[in-house]
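The values are calculated or read from the model by the stated rules, or taken from the named source; none is laboratory data. Being a predicted model, the structure only gives us computed values, none of them experimental. Here Cβ is always computed from backbone atoms with ideal geometry, including for glycine, and neighbour counts include all displayed protein chains. SASA here: full protein model, heavy atoms, side chains in, ligands and nucleic acids out. Shrake-Rupley method; radii C 1.70, N 1.55, O 1.52, S 1.80 Å.
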Amino acid sequence: MPTSETAQLRGGAWLIEPSDPHDVLTPEKLTDEQRLIGATTQRFVEQEVLPALDRLEQHDWSVARQLVGRCGELGLLGVDVPEDYGGVDLDKVTSLLVSERMASAASFGATFGGQTNLTLLPLLLFGTEAQKRKYIPKLLTGELIGAYCLSETGSGSDALGAKSRASRQPDGSFLLNGEKMWITNGGFADVFIVFAKIDGEQFTAFIVERAFGGVTSGKEEHKMGLHGSSTTAVILQDVKVPAENVLGEAGKGHKVAFNVLNFGRFKLGGMCSGGARTAIGEAAKYAAARKQFGQPIATFGAIRHKLGEMIVRTYAVESLLYRMAGMIDARIASTPHDANDGSVSLAVLEEYAIEASIAKVAGSEVLDYVLDENIQIHGGNGFVKDYPAERHYRDARVNRIFEGTNEINRLLIPGMLARRAIKGDVAIISAAKALQDELLGPPELPAGGDGPLSDERRAVDAFKKTALMVFGLAMQTYGQKLADQQEVLINAADIMIDVFSAESAVLRALAQGDRTPRAALHVDAARVFVNDAAMRIDASARQALAAMTQGDTLRTMLAALRRLMKFTPIDTVTLRRRLADEAVARGGYIFA
Ligand SMILES: Cc1cc2nc3c(=O)[nH]c(=O)nc-3n(C[C@H](O)[C@H](O)[C@H](O)COP(=O)(O)OP(=O)(O)OC[C@H]3O[C@@H](n4cnc5c(N)ncnc54)[C@H](O)[C@@H]3O)c2cc1C
């Protein structure tokens, strides 16, 4: 596990600081134990969940309960839970791997996520010792099923606008009233993390048991996808909740809500990259088998382009996810703490909140791209239910909506960075000033250097400078009113997502050295990603600069941008073909 200073870059610091490929965790560096847990999860999904999918889709929640119980037996529910409470206390890399391998059964993945990320995690991070001992062991065996009740009809993105009310009673207990919407596991959960305002004011998290009385589930929602997971309203009518069931501090429910979402976003990114891997396998096999005009469609350039691009984008998102997991684990490992004390994990997850939002947005959008192309490669067969491609497509769409919509997450990325810059946590402001002087000074040739991926490393350096230029100018131009400029913030977020993805892909390819037989394919994938990221970043930067400046200033900024982003395009056609052909030959995704 990487533990050097570089591996422990602070959240967002990669934007201005270099990383060493040796310190970066990649999927190729997984230990045997981690691989074993990944394989166990995959086997469980293939042998137990997928055969039960029809019954899940008919809303037979006894099957969902049974499968959660099986996850408990296999240790999959307790990956993030200390041994003292019955967990197996493994690292976040393993946690990511489990999410990834759960992905081909997205409906059950939602049930599993509701139990682990949304119920066990808040208890672990914010629960008192008594709360942990009371609820966690039963959640780990599947005896209790959990759900997380934040959203309401009128408050989704604006979660703090919740109307649910907790009226304080003379004996210190609370009476909860309200209606929560779109609750995963809502139809059959036993214990709920509910957010409500004490006396209409203090936004607070509570642990609510169905057995308290007054909790009812609405009817199952008719959804576009995830038909095998329960999504209902949860109605609270005079539910008497004892004082000891406040989770975290009264009035600090936002801390519970947002920190839980941070980790959820990272793991959702894992579910998405896992889903993309599965779909690439389906597409490659179908393209090899399906013949048109007397030859397999996999031999047509149009299809090879699609397969190649599906691999490139998945490679980048997977690279950023494992890099991030490595950063989190390194930070937790280097901070002395008691295994049962959630406060260190909490602080570390908060530290990497920017990366968590990037993981969620990049993961969900790469997945949607891959699944759309998977359908296209399947042609008419992609549109009918005989093949899983159409189910994957429907199941995935919600990933851009829940765990914070992608718009909200995009706004959070530069928003959180601006707050850190102002506090001086990340030296963005001085770096942006230095860059401004450099860019407005006499032209300088880009730094030399050669070796593997040297052009791509230079490109990533230029991407970071472009991000700094746009972000620094936005902070300077709008100051306190930056939050009102959503279009520019979204441009900045898009650039940052591409920077983190491109750098992670390049670092992963470099980390292979030339030891592995597949090293050249890693280089191909990283090169294609960087080549195309350059075009996207250039377009976003131009749009943002033109929104912020005009006339001579704009012309000067654009000239600086041209100098930074002056690249010769590479032959991505050949590289994508190589990647596609390898996937077809293997009948699946080509990396670890
Ligand atoms: C299948 C499913 C399962 C779910 N599971 C759960 C669960 O277990 N627990 C739970 O609490 N919730 C759950 N949800 C709810 C989910 O988290 C919300 O749907 C989501 O947060 C979005 O809220 P909303 O639907 O009210 O959309 P809105 O907030 O109304 O958003 C509508 C649009 O406006 C945009 N928008 C909103 N505010 C802004 C802004 N300030 N700036 C720019 N754009 C903005 C959004 O990005 C979106 O595009 C689930 C939803 C689904 C569909």
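Observations, loosely collected:
- Lone unmet requirement of (1) farther than 13 Å from Ala580 by Cβ; (2) more than 23 Å from the chain's Cα centre (by Cα); (3) open to solvent by less than 60 Å² (accessible area, probe 1.4 Å) for Ile297: (1)
- Among the residues making up the range 243-254, a single one is more than 17 Å from Arg165 (Cβ to Cβ) and over 30 Å from the mean Cα position of the chain (by Cα): Glu244.
- Boolean, Asp80 is closer than 21 Å to Pro137 by Cα, more than 16 Å from the ligand (Cβ to nearest atom) and of a type outside the set (Lys, Arg): yes
- Criterion (touching a residue at least 24 places away in the same chain (Cβ under 8 Å), open to solvent by 10 Å² or more (accessible area, probe 1.4 Å) and assigned to a loop (DSSP other than H, G, I, E, B)) met by exactly one of Gly178, Gly172, Gly228: Gly172
- Scanning the range 508-558 for residues that are closer than 17 Å to Ala493 by Cα and without any contact (Cβ under 8 Å) to a residue 24 or more places away in the chain, we see that the one that is surrounded by the most Cβ atoms within 10 Å (Cβ to Cβ) is Arg542.
- Some residue of the range 113-130 being part of a strand (DSSP E or B), more than 17 Å from Asp190 (Cβ to Cβ) and away from the ligand (no atom under 16 Å from the Cβ): no
- Here Arg101 fulfils each of the conditions (1) open to solvent by less than 60 Å² (accessible area, probe 1.4 Å); (2) in contact with a Lys or Arg (Cβ under 7 Å, 6 or more places away or on another chain) apart from (2).
- Here Glu403 fits the description: among the charged types (D, E, K, R) and touching a helix residue (DSSP H, G or I) at 6+ places or on another chain (Cβ under 6 Å).
- Selection from the range 142-162 of residues that are more than 13 Å from the ligand (Cβ to nearest atom) and surrounded by fewer than 16 Cβ atoms within 10 Å (Cβ to Cβ): Glu143
- Boolean, Phe174 is in contact with a Cys (Cβ under 7 Å, 6 or more places away or on another chain) and either within 23 Å of Pro82 (Cβ to Cβ) or at pLDDT 95 or above (or both): no
- Residue match in the range 193-203 (condition: away from the ligand (no atom under 12 Å from the Cβ), at positive phi and open to solvent by less than 30 Å² (accessible area, probe 1.4 Å)): no
- Residues satisfying the stated conditions in the range 234-292, i.e. farther than 28 Å from Lys134 by Cβ and assigned to a strand (DSSP E or B): Lys291, Gln292
- Scan of the range 441-454 for residues that are at pLDDT 70 or above and open to solvent by 90 Å² or more (accessible area, probe 1.4 Å), ordered by number: Asp450, Pro452
- Every condition in (1) among the basic types (Lys, Arg); (2) buried (at least 17 other Cβ atoms within 10 Å of the Cβ); (3) more than 24 Å from Arg168 (Cα to Cα) is met by Lys223 except one, and the failing one is (2).
- Subset tally (residues that are within 12 Å of the ligand (Cβ to nearest atom) and either touching an Asp or Glu at 6+ places or on another chain (Cβ under 8 Å) or assigned to a loop (DSSP other than H, G, I, E, B) (or both)) for the range 181-191: 6
- Near pairs, Cβ below 9 angstrom, 6+ apart or cross-chain, from the range 319-341 (on the phi < 0 side of the Ramachandran plot) to any residue that is of a type in the set (Asp, Glu) and not in a helix (DSSP H, G or I): Ala325/Asp91; Ile328/Asp91; Asp329/Asp91; Ile332/Asp91; Ala333/Asp91; Ala339/Asp89
- Conditions (1) touching a residue at least 60 places away in the same chain (Cβ under 8 Å); (2) within 16 Å of the ligand (Cβ to nearest atom); (3) in a helix (DSSP H, G or I): number failed by Asp368: (1)
- Here Ser273 passes the criteria (1) within 16 Å of the ligand (Cβ to nearest atom); (2) open to solvent by less than 30 Å² (accessible area, probe 1.4 Å) except the one numbered (1).
- Only listed residue being more than 12 Å from the ligand (Cβ to nearest atom), among the small types (Gly, Ala, Ser) and open to solvent by 30 Å² or more (accessible area, probe 1.4 Å), chosen from Ala166, Ala211: Ala211
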